[in-house]
Structures are given as C-alpha cells and as structure tokens.
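Engineer: Would you mind keeping the following structure in view while I ask a few things?
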Amino acid sequence: MIVYRTKKDISGHLHTLRNEGKTIALVPTMGALHQGHASLVEKASAENDIVVVSIFVNPTQFNDPSDLNLYPRTLDSDLELLRHLEADLVFVPSANEMYPGGDAQIFDLGNLDKVMEGKHRSGHFNGVAQIVSKLFLLVQPLRAYFGQKDFQQLVIIERLVEILELDINIVPCPIIREKDGLAMSSRNVRLSKEDRKLAPFIYHTLKLARGKTASLSPSQLKEWVALQFRKQAEMELEYFEIVEDKGLIPLEEWDDGVNKVACIAVHLGGVRLIDNLKFD
Ligand code: PAF
C-alpha cells in the first residue's frame, strides 16, 4: 500500500497503472473508517485491479465550523485498517493541495440539494460536488463506491457524473449496521455511552413507520414519526421525509409507480445522525 499526499505523485502512478490496462476503483472517504468503509473497499477490491482510497476531511462541505472541528480524525488506525484490507493507493491530501485556488465552483443540482440534508445544511452538497469532482478528475476511476447511508449524496453523485459527462460507474453499497440496528457512521464515536444506547431508536422507528404505510398517508406518517421523537426527550428530529428515489421529490400520496425511500436526520447529544430505509 502506498500513501500519497500530492496530486502530482498519485497521478503519475495512476497514469502508469492505466497504461498497463489495470481497472481502477475509487473509494472517497473523510477517514475515521469503520466497517461500513471496509465493506466499500472489499467490494471495490473484488471488482477491480487497483483500489484507491482517499482520506480528506473536506472543509467546503461543512456549513458548521464546530462540526468540522469535531469531526473525528484517526489517520493512523485508518491506514492500519486499509493495509489490512489490502488497499493499493491511499491519497491523503492537505486542504491547500485540494483547493490551491479557493473553492468557488458552483454546481446546479436542481431540486436534489434543496430538500432534506440540502435544506438543513446550506452549501453542503455543493462542497461534496466540489471535492468529488476533483477526485474523479484526478483518479479517473472506472468505478467509484459510495454507501447508501448517505442516500441523498449518492443520488447527487450520480447527477454529478451526468453533469460532468464522466464515464464513471457509481456503485451503491448497502448500509452496514451495528447488531442493534444503528447505521455505522464516523460520527457514532462521538455519542456518549447513554446516547449510544438510545441511538438504535432511529432505525427502530423507520422500521415501525414502514409497517404503517397501509394505514397512514405520507403526511400522517410524518406526523406519527414526529410524535415518536417528541416522546424522546434526548432526541430532536430534524426531518423525516419519504421521497421517490430519483428526483428526491417528497411524496404527498403513496404512488406504486415509484421507488420510495424514507430519510431521517436526528440530533442526539450534540451529534447529528442520519439514516434511511427503502419503503417498497
Ligand atoms: O461521504 C463522505 O464521506 C464524503 O461526503 C465524501 C464523499 C468522501 C466527500 O468528502
């Protein structure tokens, strides 16, 4: 495994690998790696000759400076895990390396960044699009792997590839959960012991909500979910939406003709947790 810190060095190596006819996969991450990331690397490794993992806490996707400061940084153990997973190249750039000329690029993502995360984290997805487009252009992978926990991000990345007319296959990977159902996330390590015990309530509520689609309309279900969280003093529901899975339009009525995904964001002890569940 080789760790690169500059675009120039990694692109030289990638150029050689491409000339040798190797298939290259990219797994973009912000570090603080867990089993969810490991599953992306494993899948990428099974389907490609070379796996590139990027580790970069991208400042432009944080609308809240304290969230950026508190984001866990665990480079040594990340590299140890990646060595164990036999990743080939790891790219760990500095902010200056990725944004030498600032970060002015604006992407028109239409409705996709106006709902849910986009509504509550202004500029977040533009920042994601900035860094992912830079990584795509640098690595030029055949395939790039993204977890479905960040469902809205995944849909936006698919749109980004269309906007930039890139020939990259986006591979969605299933959410990996702890035994008690909590979706794995780098942010989970910031939960206190007590809050960690409460956190599976989010997935539990998503599953209960899915069981109520025959008797409640989408808006009644939203009210029901809001009520469940009002009963939990420690948790604050930021949003719960049921959207169709392509344009992310929130559903007013049940529509059998579209695939539905319920997405949720919750604050628990100063940590913001997201999750989603397919409602088909
Ligand atoms: O999902 C993440 O970890 C980040 O949003 C990504 C895709 C690595 C971009 O910084």
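The values are calculated or read from the model by the stated rules, or taken from the named source; none is laboratory data. Note that this is a predicted model, so its numbers are computed, not measured. When we count neighbours, we look across all protein chains shown, and the Cβ atoms used for this are built from the backbone with ideal geometry, even at glycine.
Engineer: If Pro174 satisfies all but one of (1) closer than 30 Å to Glu234 by Cβ; (2) of a type outside the set (Ser, Thr, Tyr); (3) without any contact (Cβ under 8 Å) to a residue 40 or more places away in the chain, what's the number of the condition it fails?
Structural biologist: Just one mismatch for Pro174, condition (3).
Engineer: Name the residues in the range 89-109 that are more than 22 Å from His13 (Cα to Cα), of a type outside the set (A, V, I, L, M) and surrounded by 12 or more Cβ atoms within 10 Å (Cβ to Cβ), would you?
Structural biologist: Restricting attention to the range 89-109, the residues satisfying the condition of being more than 22 Å from His13 (Cα to Cα) are 101-109.
Filter once more, keeping what is of a type outside the set (A, V, I, L, M): 101-103, 105, 107-108.
Within the range 89-109, Asp103, Gln105, Phe107 qualify.
Engineer: Please go through the range 88-115 and pick out each residue that is among the hydrophobic types (A, V, I, L, M, F, W, C), more than 14 Å from the ligand (Cβ to nearest atom) and over 19 Å from Ile170 (Cβ atoms).
Structural biologist: Residues satisfying the conditions are Leu89, Ala104, Ile106, Val115.
Engineer: Let me ask something else about it. How many of the residues in the range 137-169 are within 13 Å of the ligand (Cβ to nearest atom) and free of Cβ contacts under 8 Å to residues at least 12 places away in the same chain?
Structural biologist: Count: 0.
Engineer: Let me ask you something else. Tell me the residue from Ala44, Ala25, Ala38 that is touching a Pro at 6+ places or on another chain (Cβ under 6 Å), within 16 Å of the ligand (Cβ to nearest atom) and either assigned to a strand (DSSP E or B) or not charged (D, E, K, R) (or both), please.
Structural biologist: Numbers: Ala44 fails: touching a Pro at 6+ places or on another chain (Cβ under 6 Å); Ala38 fails: touching a Pro at 6+ places or on another chain (Cβ under 6 Å).
On inspection, the qualifying residue turns out to be Ala25.
Engineer: Turning to a different aspect of this structure: Being without any contact (Cβ under 8 Å) to a residue 60 or more places away in the chain, closer than 14 Å to Lys278 by Cα and of a type in the set (Val, Ile, Thr) is the filter here; which residues of the range 204-260 pass it?
Structural biologist: Thr205, Ile242, Val258
Engineer: For the range 47-70, what are the residues that are more than 20 Å from Leu154 (Cβ to Cβ) and out of contact with any Lys or Arg (no Cβ under 6 Å at 6 or more places or on another chain)?
Structural biologist: Pro59, Asp64, Pro65, Ser66, Asp67, Leu68, Asn69, Leu70
Engineer: Taking the range 186-200, which residues are out of contact with any Lys or Arg (no Cβ under 9 Å at 6 or more places or on another chain), part of a helix (DSSP H, G or I) and under 17 Å from Leu237 (Cβ atoms)?
Structural biologist: Asp195, Leu198
Engineer: Could you tell me which of the residues Gly101, Gly118 is modelled with pLDDT under 95 and over 19 Å from Val57 (Cβ atoms)?
Structural biologist: Values: Gly118 fails: modelled with pLDDT under 95.
One residue alone meets the criteria, Gly101.
Engineer: Kindly indicate whether Ile24 is within 20 Å of the chain's Cα centre (by Cα), touching a residue at least 24 places away in the same chain (Cβ under 8 Å) and crowded, with 16+ Cβ neighbours inside 10 Å.
Structural biologist: So Ile24 fails the test.
Engineer: Hey, can you tell me all the residues within the range 52-86 that are within 28 Å of Asn19 (Cβ to Cβ) and away from the ligand (no atom under 15 Å from the Cβ)?
Structural biologist: Pass one, the range 52-86, residues within 28 Å of Asn19 (Cβ to Cβ): 52-56, 79, 82-83, 85-86.
Listed by number, the residues that qualify are Leu79, Arg83, Leu85, Glu86.
Engineer: Let me ask something additional. In this structure, does Leu248 turn out to be at pLDDT 95 or above and either part of a loop (DSSP other than H, G, I, E, B) or of a type in the set (Val, Ile, Thr) (or both)?
Structural biologist: yes
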